[in-house]
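For reference, the structure discussed in these notes is given below.
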Amino acid sequence: MREYDILHWMLFFFIYSFIGWIWESGYVSAKERRPVNRGFMHGPFLPLYGSGAVVVLACTMGVRENIVLVFLMGMAGATVLEYITGAVMERLFHVKYWDYSNQKLNLNGYICLPASLCWGCFSVLMVEVFHPPVEEVVFMIPRTAAAVIVCVLTAGSAADFAAAFREALDMKELLGRVEKSKAQLRRLQDKLHEAAEAGLYAEKWKKDLAEIKENIRCELQAISQRSDRRHLRIARIIRRNPTAVSGKFKETMDELKKIINGRK
């Protein structure tokens, strides 16, 4: 078995990130019946697949002659990675970019048994079928060329990730702002209801209520019209992740998805 250094690992990461992007974009595009550039980032890379491949390779290096152990070790390593990634992203952005809540035997919607079994099958296919030729190609690349390729891809991916991270923060801010307005709206509606029952007339509250409704309407309309770069960025990240959900901002997230995905 060959020894890998940092350049080899980085090249494997980018290769499998690209293969994962092809798979996910093709699958989701077919499911949505429209082209979908799948993933958190803009470019043709899905880091979860690249990281998953690297984890699988690392976990199975000592057991590659035993298919059962490759399946189990690869499944375990990739599942742990998927759970940690999903939990961290939801903690940061209050959005789940994938959600297995409707699947049987899921854990907090981040992982589920069917997905874990798929990771196990992927591990066997990768180690037994796909990785040997990928390894041959990577070892054929001269060291200087490999270093240049890794530097260019790392710089480009870092810039792409930074832009996507900003988009995700923009969406988190928007979701929080709209949900806050809706909470104010509900409180005012309750006060107006109580005033009406007491035979009181609250003109100021009615004006405040109308103003909040108008603010919410304008915010959502701006998203539908992509009125500025921030709204355009939010629209793009939702279109790249049509299955994204939010537990904290569920109502607003569902509205945004309907607005964005309704414009095909």
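The values are calculated or read from the model by the stated rules, or taken from the named source; none is laboratory data. Here the structure is a predicted model, which means the values were calculated and not measured. Here the Cβ positions follow ideal geometry from the backbone for every residue, glycine too, while neighbour counts run over all protein chains shown.
Checking each residue in region 219-264 for being of a type in the set (Val, Ile, Thr), out of contact with any strand residue (DSSP E or B) (no Cβ under 9 Å at 6 or more places or on another chain) and either under 21 Å from Val28 (Cβ atoms) or at pLDDT below 75 (or both) picks out Ile223, Ile234, Ile237, Ile238, Ile259, Ile260. Scanning region 1-54 for residues that are acidic (Asp, Glu) and in a helix (DSSP H, G or I) yields Glu24, Glu32.
Does Lys204 satisfy being at pLDDT below 90, surrounded by 17 or more Cβ atoms within 10 Å (Cβ to Cβ) and either part of a helix (DSSP H, G or I) or acidic (Asp, Glu) (or both)? When the stated conditions are applied, Lys204 does not pass them. Output yes when any residue across region 87-109 is surrounded by 20 or more Cβ atoms within 10 Å (Cβ to Cβ), among the small types (Gly, Ala, Ser) and touching a strand residue (DSSP E or B) at 6+ places or on another chain (Cβ under 8 Å), and no when none is. No, the conditions are met nowhere in region 87-109.
Against the condition assigned to a helix (DSSP H, G or I) and either touching a residue at least 40 places away in the same chain (Cβ under 8 Å) or not assigned by TED's automatic domain parsing to the domain that holds Arg64 (or both), how does Glu136 come out, does it pass? Answer is no for this residue. The residues of region 53-73 that are small (Gly, Ala, Ser) and crowded, with 21+ Cβ neighbours inside 10 Å amount to a single one, Ala53. Taken over region 112-128, the residue count meeting the criterion of being part of a helix (DSSP H, G or I) and without any contact (Cβ under 8 Å) to a residue 24 or more places away in the chain is 4.
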